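Peer 1: Right, I'll just put the structure down here and ask away after.
The values are calculated or read from the model by the stated rules, or taken from the named source; none is laboratory data. None of the values given here were measured: they were computed from a predicted structure. Ideal geometry is used to build each Cβ from the backbone, glycine not excepted, and the neighbour counts take in all protein chains shown.
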Amino acid sequence: MSTLRHFLDFQQLEGTALRDILDRATAYKNGAKAPSLAGKTLALVFEKPSTRTRISFEVGMQAMDGKTVNLTQGDSQLGRGETIADTARVLSRYVDVIMLRTSEEKNLLEMAEHATVPVINGLTDASHPCQLMADVMTFEEHRGPIGKKRIAWCGDGNNVASTWIQASARFGFELRLACPPSRQPAQALLDWAAKAGGQISAFDDPLTAVADADCIVTDTWFSMGQSNGDGTRQLLGPYQVNDAVMQAAKKDAIFMHCLPAHRGEEVTASVIDGPQSVVWDEAENRLHAQKGILSWCLT
Ligand code: CP
């Protein structure tokens, strides 16, 4: 069995490991010196675009005295049919850790299976665990320990929503979902979370879902590569986070969004640019969380 510390998704990671990573991230943000990664190199492999994930890993690695190399599908042999398995074997001879952003989860699992260095999930269509580390960190900065708190998700039941579901089980908070019936997260994931201790419930009406919530979260209606061909705007319109939705939550509820945001679609400008929004802290915390993840994988 591999002893490598892969960071793949919350279903494969114990709550204690996730808490360890968060403690590291918070300590680094508060001024503790992160371990040196001098002599170490991180390969960043992007099959999809990125701003936050790419820059936070690059800056985080630099701050820890390590180096990064970037690879995209277009400028590597991945775009010409070289397998993920072969890419994993080759990269492992050059670098000390690999981050992969890809569409299909099976690509990530194939990378982890064949790499001989740790692999980090930089987003798949199924999950976005690096994002959730920053999200939980941000919540706790603003509202204290997340355990037993009530979080409400409004919108598409996408990869970020799925990772919130996993996080509910790992961190012990209540998650209330308001997603259209045709865009619900996978039942198998909900079943896993329920067995693993997650307290998750689904609502048709966003105003009911957010009642007494400590935090409201949403994400873009159009994940990378999706278009409005299936009437997504009409489908998700009733799940927009607007002033009425924020007012139905706790008075001091915070608003989070992993970004990029589309004002007037999943969230109004009045909410994301308003006093309850913590999205810029959330974006900053991607950097501290990446340092926590790198330090956990490598030291
Ligand atoms: N939230 C997020 O992952 O942002 P990027 O797509 O810019 O990396």
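Peer 1: Which of (1) within 20 Å of Met224 (Cβ to Cβ); (2) surrounded by fewer than 16 Cβ atoms within 10 Å (Cβ to Cβ); (3) not β-branched (Val, Ile, Thr) is the odd one out, the single condition Arg54 does not satisfy?
Peer 2: (2) is the only condition that Arg54 fails.
Peer 1: Go through the residues of the range 72-93 one by one and say whether even a single one is in contact (Cβ under 8 Å) with a residue 60 or more places away in the chain, of a type in the set (D, E, K, R) and surrounded by fewer than 24 Cβ atoms within 10 Å (Cβ to Cβ).
Peer 2: No; the residues of the range 72-93 include none that is in contact (Cβ under 8 Å) with a residue 60 or more places away in the chain, of a type in the set (D, E, K, R) and surrounded by fewer than 24 Cβ atoms within 10 Å (Cβ to Cβ).
Peer 1: Given the criterion more than 13 Å from the ligand (Cβ to nearest atom) and over 19 Å from Leu123 (Cβ atoms), identify the matching residue among Ala85, Ala43.
Peer 2: The match here is Ala85.
Peer 1: As an exercise: evaluate Tyr239 against (1) within 16 Å of the ligand (Cβ to nearest atom); (2) out of contact with any Lys or Arg (no Cβ under 8 Å at 6 or more places or on another chain); (3) within 25 Å of Ala169 (Cβ to Cβ); (4) not small (Gly, Ala, Ser) and give the number of the one condition it does not meet.
Peer 2: (1)
Peer 1: Oh, and also: Any residue at all in the range 228-248 that's modelled with pLDDT under 95 and among the hydroxyl-bearing types (Ser, Thr, Tyr)?
Peer 2: Within the range 228-248 (the criterion being modelled with pLDDT under 95 and among the hydroxyl-bearing types (Ser, Thr, Tyr)), the answer is yes, since at least one residue qualifies.
Peer 1: Determine which member of the set Arg183, Arg176 is more than 27 Å from Arg54 (Cα to Cα), surrounded by fewer than 21 Cβ atoms within 10 Å (Cβ to Cβ) and among the basic types (Lys, Arg).
Peer 2: Arg183
Peer 1: Pairs please, first residue from the range 239-261 and outside any strand (DSSP E or B), second anywhere and basic (Lys, Arg) and within 16 Å of the ligand (Cβ to nearest atom), Cβ atoms under 7 Å, 6+ apart in sequence or on different chains.
Peer 2: Between residues of the range 239-261 that are outside any strand (DSSP E or B) and residues that are basic (Lys, Arg) and within 16 Å of the ligand (Cβ to nearest atom), the close pairs are Leu259/Arg52.
Peer 1: Taking the criterion of being away from the ligand (no atom under 16 Å from the Cβ) and either more than 26 Å from Asn159 (Cβ to Cβ) or at pLDDT below 95 (or both), would at least one residue in the range 16-26 satisfy it?
Peer 2: Checked against the condition, which is being away from the ligand (no atom under 16 Å from the Cβ) and either more than 26 Å from Asn159 (Cβ to Cβ) or at pLDDT below 95 (or both), the range 16-26 yields no hits at all.
Peer 1: Next question, about the same structure. Residues that are surrounded by 19 or more Cβ atoms within 10 Å (Cβ to Cβ), under 30 Å from Phe203 (Cβ atoms) and at pLDDT 95 or above: does the range 114-123 have at least one?
Peer 2: Yes, the conditions are met somewhere in the range 114-123.
Peer 1: Moving on. Can you work out which of the residues in the range 14-51 that are touching an Asp or Glu at 6+ places or on another chain (Cβ under 7 Å) and without any contact (Cβ under 8 Å) to a residue 40 or more places away in the chain is surrounded by the fewest Cβ atoms within 10 Å (Cβ to Cβ)?
Peer 2: Ala38
Peer 1: Note down all Cβ pairs under 6 Å where the first residue falls in the range 54-67 and is without any contact (Cβ under 8 Å) to a residue 40 or more places away in the chain, the second is of a type in the set (A, V, I, L, M) and away from the ligand (no atom under 13 Å from the Cβ), and they're at least six residues apart or on different chains.
Peer 2: Once the first residue is without any contact (Cβ under 8 Å) to a residue 40 or more places away in the chain and sits in the range 54-67, its partners that are of a type in the set (A, V, I, L, M) and away from the ligand (no atom under 13 Å from the Cβ) give Asp65/Leu37; Asp65/Ala38.
Peer 1: Also, I was wondering about something else. Looking at the range 269-283, which of the residues that are touching a helix residue (DSSP H, G or I) at 6+ places or on another chain (Cβ under 7 Å) and in a loop (DSSP other than H, G, I, E, B) is surrounded by the fewest Cβ atoms within 10 Å (Cβ to Cβ)?
Peer 2: Once the filter is applied, the top-ranked residue is Gln276.
Peer 1: Kindly establish whether Met111 is modelled with pLDDT of 95 or more and either part of a strand (DSSP E or B) or within 16 Å of the ligand (Cβ to nearest atom) (or both).
Peer 2: no
Peer 1: Any residue in the range 272-286 that is under 30 Å from Thr3 (Cα atoms) and within 16 Å of the ligand (Cβ to nearest atom)?
Peer 2: Yes.
Peer 1: Now for a different question. Would the range 71-79 turn up any residue that is within 16 Å of the ligand (Cβ to nearest atom), polar (S, T, N, Q), in contact with a Phe, Trp or Tyr (Cβ under 7 Å, 6 or more places away or on another chain) and not in a helix (DSSP H, G or I)?
Peer 2: Yes, there is a match, as at least one residue in the range 71-79 is within 16 Å of the ligand (Cβ to nearest atom), polar (S, T, N, Q), in contact with a Phe, Trp or Tyr (Cβ under 7 Å, 6 or more places away or on another chain) and not in a helix (DSSP H, G or I).
Peer 1: In the range 248-269, is there at least one residue being within 16 Å of the ligand (Cβ to nearest atom) and polar (S, T, N, Q)?
Peer 2: Among the residues of the range 248-269, not one is within 16 Å of the ligand (Cβ to nearest atom) and polar (S, T, N, Q), which makes the answer no.
Peer 1: Quick one: Met224 ticks every box in (1) within 16 Å of the ligand (Cβ to nearest atom); (2) surrounded by fewer than 21 Cβ atoms within 10 Å (Cβ to Cβ); (3) in a helix (DSSP H, G or I) bar one, so which box is it?
Peer 2: All conditions are met except number (3).
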